[in-house]
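*Asks:* Pasting a structure below so you can have a look.
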Amino acid sequence: KNLPALLDAFSRLDAPDVWEGKLAESCVISDGYKTYTFTLRRGLLWHPPSVDLDAPQHAWLQGDHPVTAHDVKFTLDLVLNPQVEAGFMKSYFEDCAGAEVVDDHTVVIRWKKKTYVSIDATLYLAPIPRFLYSCDEHGRPFPAESLGTSFNSHWYNDKAIGFGPYR
């Protein structure tokens, strides 16, 4: 499909049969399936968090929050963080070397070696919003040394957030 038709389909909430999920415009796989370079679509926004945005402690969550390469790296960093309790996810990423943000719309994910899960694990990694999960309920950033522990008991963990036409 061409991009204008795809964008039109996303704007048609009454036609779920034509929706097509696509965070990345492209993915270049190189280095024997050990390096994945993603170019993310521009213009994607995280849904507004499910909180009272008029409450003073949530004022920092107001406005648009774009989905960026920083969210992808943040997500992978959490999966690889030894403090984070995500056992089943960690097993898929044991041989992942990490991610590097090239710019807001380009992220490179590298693997130490090609494994039977490296392709699927990389292509199906669903990002979470860094703007939300890197801070406490009042918008104060968590210290890097305790981010994983803070994520395990994050104040927003009992809610969902995404991007795209489905809410």
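*Asks:* From the P(r) of region 16-100, could you give the percentage of C-alpha pairs in the tail past 15 Å?
*Replies:* Tail of P(r) above 15 Å: 71 percent of Cα pairs.
*Asks:* Taking the convex hull of the alpha carbon atoms in region 108-167, what volume per residue do you get, in Å³?
*Replies:* Convex hull of Cα atoms, per residue: 147 Å³.
*Asks:* Tell me the accessible surface of residue 33 in square angstrom (1.4 angstrom probe, heavy atoms of protein chains only), to the nearest ten.
*Replies:* Approximately 100 Å² for this residue.
*Asks:* How do 114, 22, 34 stack up against each other in accessible area, from largest to smallest, with a 1.4 angstrom probe?
*Replies:* Largest to smallest exposure gives the sequence 114, 22, 34.
*Asks:* Report D for region 11-167 in µm² per second (integer): Stokes-Einstein, Kirkwood Rh on Cα pairs, 4 °C, 1.567 mPa s.
*Replies:* Using the Kirkwood radius from Cα pairs, D works out to 77 µm²/s.
*Asks:* For the pairs 34/159; 22/113; 114/159; 112/159, flag any whose C-alpha to C-alpha distance is greater than 31 Å.
*Replies:* With Cα atoms farther than 31 Å apart: 34/159; 114/159; 112/159.
The values are calculated or read from the model by the stated rules, or taken from the named source; none is laboratory data. Bear in mind the structure is a predicted one, so any value in this text is a computation, not a measurement. Surface accessibility is based on the protein's heavy atoms, side chains included, excluding ligands, DNA and RNA. Shrake-Rupley method; radii C 1.70, N 1.55, O 1.52, S 1.80 Å.
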